[in-house]
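What follows is a set of notes on a single structure, which appears directly below.
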2 protein chains.
Amino acid sequence: MGNDGSGAPAYEALTQSVRRLIDATIRTEAGAGTVVAAKTHIDCAIEQLSESLMPGSFGVRNPFDGQPVTSGNVMIGARNPVAPPLVIHRDAGGAVWTEITLGAAYEGPPGHVHGGVCALVLDHVLGATAHEPGRPAYTGTLTLRYVRGTPLGLVRAEAWVERVEGVKTFAKGQITDSQGLTVGAEGVFIKPRGARD
Amino acid sequence: MGNDGSGAPAYEALTQSVRRLIDATIRTEAGAGTVVAAKTHIDCAIEQLSESLMPGSFGVRNPFDGQPVTSGNVMIGARNPVAPPLVIHRDAGGAVWTEITLGAAYEGPPGHVHGGVCALVLDHVLGATAHEPGRPAYTGTLTLRYVRGTPLGLVRAEAWVERVEGVKTFAKGQITDSQGLTVGAEGVFIKPRGARD
């Protein structure tokens, strides 16, 4: 099915199952016999899926079948089980936001999102607001300010462009939970020469 | 087995299989029938592992069986399939380093590590050098400077303490590949009141 794109829904359903499996793998307290039996199923699945593997990562394959190049992305990829995935909403002014539930797979301090996962989410949303369609930019610097720990659960991440100076786009963003701000961020994004106005 | 700790090797072997499964899920080009069959195996494994699940994330469970509280950590957890996992080496002076292969699961730009994953790895290693044993600290700020894209593959991350001023520990770090520096980082870590000298 890799040749006509019709398999994308099957791939995405597979990915959603693997996300649930990641959570169950971390949280299971099943006995050794059960764990070994589960591993046998997983090893069978790996063997089946490996009958045909692209040689490298998803983004560098030849996009012959309509599956977006971002399907393998660690934050938004519909085929990457590590991705929550983020669904990026964009308002008319170019600001972006997303709401996601971060569970056991993203833990750092007990019961809390790893501070580096907050950085990863913020890097992505700041990039999403700075990378306007047809005007790509790359991250120059990113600064995170940790106000308090972010409990696992539902969080909102948002970002917006503060100002543009020549090739530099200055973006800001934040993560909030039901109690307010947990992490703030500022980033400077650079338009490569080919993409300058 | 959750009650005597003897199951840790089975849990870790399971986790290693799930890491391979994540990679195969992203990279498979198998046909729809095969993908559906693999998903059936995975759903069976989820059902088996879910016969006994801890109520929350790994870090908040009652550590009754000797499994370290960090086993669920997204960067170093032996039971977290999202973790590469990082193995943190510490030299006599307190500097830390790790070498890891970051594959398809960590992709951002095609063929490259997501910039936010670089931030996540650096947050972790800077924290590891700042959090001395018995002297916990929390991240105040973290600044990343992106020098060039980090290709997927083997990378080295390292961090060291630059200086300590009162409750503040200033740490620096970097990610390098075979061609040199890709991302630099600076962080300020704060010792909470109870942990001050």
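Below, the figures for the structure above:
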{"quantity": "Residues B:Val188, A:Val164, A:Val121, A:Val35 arranged by fewest to most Cβ contacts within 10 Å", "calculated": "A:Val164, B:Val188, A:Val35, A:Val121"}
{"quantity": "Cross-link pairs beyond the 29 Å C-alpha cut-off, checked among A:Lys191/B:Lys172; A:Lys39/B:Lys172; A:Lys172/B:Lys191; A:Lys168/B:Lys172; A:Lys172/B:Lys168", "calculated": "A:Lys39/B:Lys172"}
{"quantity": "Stretch gain in nm, segment B:Glu51-B:Val164, where the contour uses 0.36 nm per residue and the Cα spacing is subtracted", "calculated": "35.8 nm"}
{"quantity": "Label geometry 7 Å along the beta-carbon vector: B:Ser52 inter-copy distances in nm", "calculated": "4.2"}
{"quantity": "Computed helical MRE - 222 nm, chain A, DSSP H runs ≥ 4 contributing -39500 (n - 2.57), nearest 500", "calculated": "-9500 deg cm²/dmol"}
{"quantity": "Whole-number D in µm²/s for region B:1-126 (Stokes-Einstein; Kirkwood sum over Cα pairs; 25 °C, 0.890 mPa s)", "calculated": "146 µm²/s"}
{"quantity": "Inter-part distance where region A:31-109 and region A:142-167 are each reduced to a Cα centre, Å", "calculated": "23 Å"}
{"quantity": "Ascending list, in nanometres, of distances separating the B:Gly66 label from those of the other copies (7 Å, Cα toward Cβ)", "calculated": "5.6"}
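Laboratory data are not the source of any read-out in this text; all were calculated from the coordinates shown. Since we're looking at a predicted model, the values are computed, not measured. Because the Cβ atoms are built from the backbone with ideal geometry, glycine has one as well, and the counts that use them run over all protein chains shown.
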